[in-house]
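Notes for the one structure printed next.
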Amino acid sequence: MAEASAVVLPPPPDIVRCASVELVVTDLAAARRFWVDVLGLVVTSESDDVIHLRTFEEFIHHNLVLREGPVAAAAAISYRVREPADLDRAEAFFAALGCRVERRPDGFAEGFGDTVRVEDPLGFPLELFHDAEHVERLAWAYDRQGTAPLVRLDHVNQVVPHVPSGRTYLEALGFRVTEDIQDADGVTYAAWLRRKPTVHDVALTGGDGPRLHHVAFATRESHHVTALCDRLGALRRSDCIERGPGRHGVSNAFYLYLRDPDGHRVEIYTQDYWTGDPDNPVVTWDVHDNQRRDWWGNPVVPSWYTEASPVLDLSGSVRPLVTRHEAGEMDVTIGADGFSYTRPPGGSGDVDGAEGFKLGTQL
Ligand SMILES: O=S(=O)(O)c1ccc(O)c(O)c1
Ligand SMILES: [Fe+2]
């Protein structure tokens, strides 16, 4: 497969937004209880082995496909393109990169039309579509919206061994970086890239990959996030909370991470910021900045760095992982990720007086 920076590429498809994710789950009924009964996603259609779900502001057929299968994995990460001709552009673009490409005029999933699926240069099952069945938009259906209405799919986060080459490929595909995490030696640990005018449609997290780290759904208000935590407690499901609630440094969003019955990670996310101006400044965080991933207080638990969902190739087989060779963030993070700076007893109390940092294993 060719490097995006090494070939003269035809024009990329015009990607509008990240629109849907297809997850394979090993117990569809258990998954339905989590994604529908607990999180409140709307069922557009369902059968014995597949459920198509959407968020409340969505008007196309689905934002999430749950398909029952033997191995929990991500089967497709779907982006909507601006016009049907963008599918031709997609075929040519990814063929020029030497990627495996398949096109189905009737779509791979119910409710979507002509669709291109690609094993992209990062090893992810990328889906591009334009035509989609319109369904009822429930943005005003406040009588149906529960504790924390999930109103749209916001982004996906992908684990990749080498973030800079992932960034190069995605920039060739028309994405733009909004934030990243680096160290003084120029190692990039993570990057956030957008098509829609918010912080990201896709993030790249350095690690063994390809793996899907999470899919994020937006709710309207930060109080919806804490109300969901209260609901999980009442349902005796608080054990599905992995990280948060808290305020991110990167993106400035309020967040909560949950794990579904198969371990697929979902982020509930709200209130990031506008990035649509052409001169939107990139925000770069130092990997040793304790407030980069949590602005005020929650540690990043080790599982958040180490665990993620495998992805499938276009034949439905699990992609083997490529090992990351650069430093891992959990290994180099001096501070305890969001804990306050350790200040000397009786010291002046300012950050400059801080003596060292708490290690991630210290409370
Ligand atoms: O943990 S980070 O603040 O880096 C972060 C920022 C935005 C996200 O969507 C995310 O998953 C994680
Ligand atoms: Fe996220």
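The values are calculated or read from the model by the stated rules, or taken from the named source; none is laboratory data. Fair warning: this is a prediction, and the values are worked out from it, not measured in the lab. With ideal geometry, Cβ positions are generated from the backbone for all residues, glycine too; neighbour counts draw on all protein chains shown. Just the protein is used for accessible areas: all its heavy atoms, side chains included, with ligands, DNA and RNA removed. Shrake-Rupley method; radii C 1.70, N 1.55, O 1.52, S 1.80 Å.
State the number of residues belonging to the range 270-287 that are closer than 22 Å to Thr333 by Cβ and not charged (D, E, K, R).
Number satisfying all stated conditions: 5.
If you take just the strands (runs of 3 or more DSSP E) that sit entirely in the range 94-168, which of them hold at least 1 residues that are within 16 Å of ligand 1 (Cβ to nearest atom) and touching a strand residue (DSSP E or B) at 6+ places or on another chain (Cβ under 7 Å)?
Fully inside the range 94-168 and qualifying: 150-160.
Just give me the residues in the range 38-78 being of a type in the set (A, V, I, L, M), crowded, with 22+ Cβ neighbours inside 10 Å and part of a loop (DSSP other than H, G, I, E, B), in sequence order.
Leu39, Leu41
Identify all residues within the range 212-240 that are open to solvent by less than 10 Å² (accessible area, probe 1.4 Å) and either near ligand 1 (Cβ under 10 Å from one of its atoms) or among the aliphatic types (A, V, I, L, M) (or both); write none if there are none.
Leu212, His213, His214, Val215, Ala216, Ala218, Val225, Leu228, Leu232
Filter the range 187-211 down to residues that are outside any strand (DSSP E or B) and more than 11 Å from ligand 2 (Cβ to nearest atom) and give me whichever is surrounded by the fewest Cβ atoms within 10 Å (Cβ to Cβ).
Pro197
Take the range 264-283 and flag every residue that is under 16 Å from Gly249 (Cα atoms) and within 12 Å of ligand 1 (Cβ to nearest atom).
Once the filter is applied, which keeps residues that are under 16 Å from Gly249 (Cα atoms) and within 12 Å of ligand 1 (Cβ to nearest atom), the range 264-283 yields Glu267, Ile268, Tyr269, Thr270, Gln271, Asp272, Tyr273, Val283.
Say whether the condition of being modelled with pLDDT under 90, open to solvent by 40 Å² or more (accessible area, probe 1.4 Å), of a type outside the set (Val, Ile, Thr) and not in a strand (DSSP E or B) is met by at least one residue in the range 309-316.
no
Looking only at the range 266-292, filter to residues that are within 15 Å of ligand 2 (Cβ to nearest atom) and free of Cβ contacts under 8 Å to residues at least 60 places away in the same chain; which one of those is most open to solvent (accessible area, probe 1.4 Å)?
Top of the filtered list is Gln271.
Does Ala85 count as farther than 18 Å from Thr44 by Cα and in contact (Cβ under 8 Å) with a residue 40 or more places away in the chain?
For Ala85, the condition - farther than 18 Å from Thr44 by Cα and in contact (Cβ under 8 Å) with a residue 40 or more places away in the chain - is not met.
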